[in-house]
């Protein structure tokens, strides 16, 4: 017999090195409370949301980002990251991404992420 999923249940988790792919059952917010949907997303090693698995894959493979961080302590989504090979900090939103090097690069990435969010 197949067990029915419950809200918040993790169905699948795979460590991809720089990020973790998660499949989690969440409430679909339909009128009938028993409707759940499988939400597929990427998170960092601290469990903070990055975005879709496709978006996280692109950040890693196109920009070389290996470390994902929240912009502020109260942020809910990672919007800055670091490429250790080029020593570049990136800031992004759903609209744009930009890399920064040199002094205060992390602060510049945070400001950029805030400006485009």
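Listed values, structure above:
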quantity: Tilt relative to the chain, helix 105-116 - C-alpha long axis, 0 to 90 degrees, to 10; calculated: 60
quantity: Cα gyration tensor category, rounded, prolate or oblate, for region 31-76 with a/c compared to 1.5; calculated: oblate
quantity: Angle between the chain longest axis and helix 53-63 axis [Cα atoms, degrees, rounded to 10]; calculated: 20
quantity: Translational diffusion of the chain, µm² s⁻¹ [Kirkwood Rh, Cα pairs; Stokes-Einstein; 37 °C; 0.692 mPa s]; calculated: 214
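Every number in this text was worked out from the coordinates using simple rules, so none of it is lab data. Everything numeric in this text was worked out from a predicted model, so none of it was measured.
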